[in-house]
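The values are calculated or read from the model by the stated rules, or taken from the named source; none is laboratory data. Keep in mind that this is a model prediction, so the values were computed, not measured. A quick note on method: Cβ atoms are made from the backbone with ideal geometry, for glycine too, and the neighbour counts reach across all protein chains shown. Calculation scope for accessible area: heavy atoms of the full protein, side chains included, ligands and nucleic acids excluded. Shrake-Rupley method; radii C 1.70, N 1.55, O 1.52, S 1.80 Å.
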Amino acid sequence: EKGGYDHFMLKEIFEQPSVIKDTYRGRLHANLGLIQMAGVEDNLEKFLNAERIVIVACGTSWHAGLVAEYIIEEFARISVEVEYASEFRYRNPIINKNDVVIAISQSGETADTLAAIKLAKEKGAFVFGVCNVVGSSISRETHAGAYTHAGPEIGVASTKAFTTQITVLAMIALRLAKAKGTLTNSDFHRYLQELELIPDKVAEALGTNDKAKEIATIFKDAPNCLYLGRGYNFPVALEGALKLKEISYIHAEGYPAAEMKHGPIALIDEHMPVVVIAPKQGHYDKVVSNIQEIKSRSGKIIAVVTKGDTQVRELADYVIEIPDTSDALSPLLTTIPLQLLSYHIAVMRGCNVDQPRNLAKSVTVE
Ligand code: F6R
């Protein structure tokens, strides 16, 4: 049932090209210039009248929410806040009838997320779910929603759920942008085409598996690791660090690259591996200067770069190349080598990759 893979996690990482396609199939029509999602279509007015969107989630789903914040604000120009469901539910949050709350959950059973939904409903908000498990508590408790079609995720570390969540949320952002006219027609069409190409590019990014394994042999005994990214890839840095922590038990932190100089740079010496997400699009030059700062303090740099990159290659100790795409969709690609790196490090450390200690697949108690 692991389909020839040693672990469910690896199988699920490699399923990403097909499950991303399953998730946009029937919804994304690049040739027609259309996005059709029943849950959004039926409630379009609610989305368009929203003064803001509040996203609630936990863990990896919360990271997908952060990516969505950047995408929705950029594409649809609607203000977005992202909250840990566990914090939101206990802090008497200000929620108005005109707010749209999006709850993101792979399992659809996370207790804190479910409680946050109930609270938002009591306060009169429209609550939209992004779940993977059909018929789950969260999918039943929300007013409407859109499923990710990732299929069963068995490995405790979430991988394909994350990329399919981003796929759904990007489609929502594009649909709203279309309705609001906040993207130019040519940008809108370009993004639809880019999204359609993502499965093939993810497949290409999976070709970094051997490279990730080689890098894993070098850093498997590191006690700490830092992950840095900016913009759309700041949440990917958080997610990369979470993946390493939870399955390999190496302490890791994710940071927005520019925050380094406000504290974490003090940690950097020749023993500190720093994973830097530095695709060509976005804040490339700024990330390059962050890399220079790390290098001048002898940090070991592992960089995720766009195919053909030369500038970072000169500075980094190890580079992992991924295909080019637009900045907003780059998390779907940059996250792939980070999943693989964590996986190989955990395997080499003899950890139980699919069932890490102290963790449960769905957290049904707070
Ligand atoms: C990390 C992980 C957890 C979950 C979190 C939320 O790999 O799996 O952080 O993302 O427990 O779970 P769901 O998405 O089921 O609500």
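Structural remarks
- Extension gain, T364 to N352, is 2.1 nm, computed as 0.36 nm per intervening residue step minus the present C-alpha separation.
- Reference-scaled alpha-carbon Rg (2.2 N^0.38 Å with N residues) for region 204-254: 1.18
- Surface accessible to a 1.4 Å probe, per residue, for the residues of the chain, Å²: 39
- For region 56-105, with +1 on Lys and Arg beta carbons and -1 on Asp and Glu, the positive-most of S79, Y90, H63 along the dipole: Y90
- Rg/Rg_globular for region 9-136, with Rg_globular taken as 2.2 N^0.38 Å and Rg from C-alpha atoms: 1.09
- Beta-bridge orientation, the chain: approximately 5 percent antiparallel, per DSSP, counting only bridges with both partners inside.
- Equivalent ellipsoid semi-axes, the chain, via Cα gyration tensor eigenvalues times 5, rooted, Å: 32, 23, 20
- Kyte-Doolittle mean at least -0.5 and Cα axial length at least 27 Å: DSSP H helices in the chain: 160-180
- The portion of the accessible surface of the chain made up by carbon and sulfur, rounded to a whole percent, is 47 (1.4 Å probe; DNA, RNA and ligands excluded).
- Local net charge near T334, Cβ-Cβ under 12 Å (Lys/Arg +1, Asp/Glu -1): -1
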